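As structure tokens, the structure follows; a few thoughts come after it.
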Amino acid sequence: MSVTRGHGFLESFLARLRAQQANRLIPPHLRQGRILDIGCGSTPYFLAHTSFKEKFAIDQQPSAQTSADITCHTLDLNTTPKLPFKDSFFTVVTMLAVVEHLNPDSLVKLFKECRRVLELHGMVILTTPAAWSDRLLRLMARIWLVSKEEIDEHVYAYTLPLLGWYFGTAGFPMDKLNFGYFEMGLNMWATARR
């Protein structure tokens, strides 16, 4: 099963680690609502491995896998950072290994959209490579450990303080942000509550 475009020996393993990290961050009471996974990839791996009342996915490429319990949408968020959902529709929005692919100018708009579509007390969860790991990822792509196509599309490397600034600029309260590292510090996670 391919979880990203392109091929990389570690891609499936890394997708599992991201999914596990995101699942650990989701409080059980939020699982009774709807989840939106932004940038789900060609195969919505995370959504297939999490439990929610309703599941929605967005990616710039059409989903290669259809599932009766996942509603998929195709949207290029770099050109149109507007989510096609009504206000307060989701309890959780996830972006796993996504923000590094987005134009930084689109990120504040997307975070504002995430805040808009979240219920009160809902949560955004994201993962992204640590800024210092960019060179290592590019080396890993050259030797086919990770997808070269995916790594070549990284447009920006973020730090935790910078992610905090983006969330704050989008209207998320600074006292409702949490951050950390996983995968031996190679990746970061962040949560923002509405």
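What follows draws every value from the coordinates through simple rules; no lab data is involved. What you are looking at is a predicted structure, and each value in this text was computed from that prediction instead of being measured. Here the Cβ positions follow ideal geometry from the backbone for every residue, glycine too, while neighbour counts run over all protein chains shown.
Provide the percentage of antiparallel DSSP beta bridges, counting only those with both residues in the stretch 41-194; round to the nearest 5.
Antiparallel bridges: around 50 percent, rounded to the nearest 5.
What's the FRET efficiency of Arg31 with Asn78 using the Cβ-Cβ distance as r and R₀ = 41 Å, to the nearest 0.05?
Working from the Cβ atoms, E equals 0.85.
Within the chain, how many Lys pairs that are eight or more residues apart, or on different chains, come under 30 Å at the alpha-carbon?
21
So for the chain, considering every pair of alpha-carbon atoms, how many percent are separated by more than 25 Å?
Details: 5318 of 18721 pairs.
The proportion of pairs with Cα distances above 25 Å equals 28 percent.
Where the only charges are on Cβ atoms (+1 Lys, Arg; -1 Asp, Glu), what is the dipole of the chain about its Cα centre, to the nearest 20 debye?
About 440 debye.
Taking the highest mean first, how do the peptides 153-162, 13-22 order by number of other beta carbon atoms within 10 angstrom per residue?
In decreasing order of mean packing, 153-162, 13-22 become 13-22, 153-162.
Based on the mean of other Cβ atoms within 10 Å per residue, sort peptides 176-182, 125-131 so the most packed one is first.
Values: 176-182: 14.4, 125-131: 22.4.
Peptide ranking by packing, descending: 125-131, 176-182.
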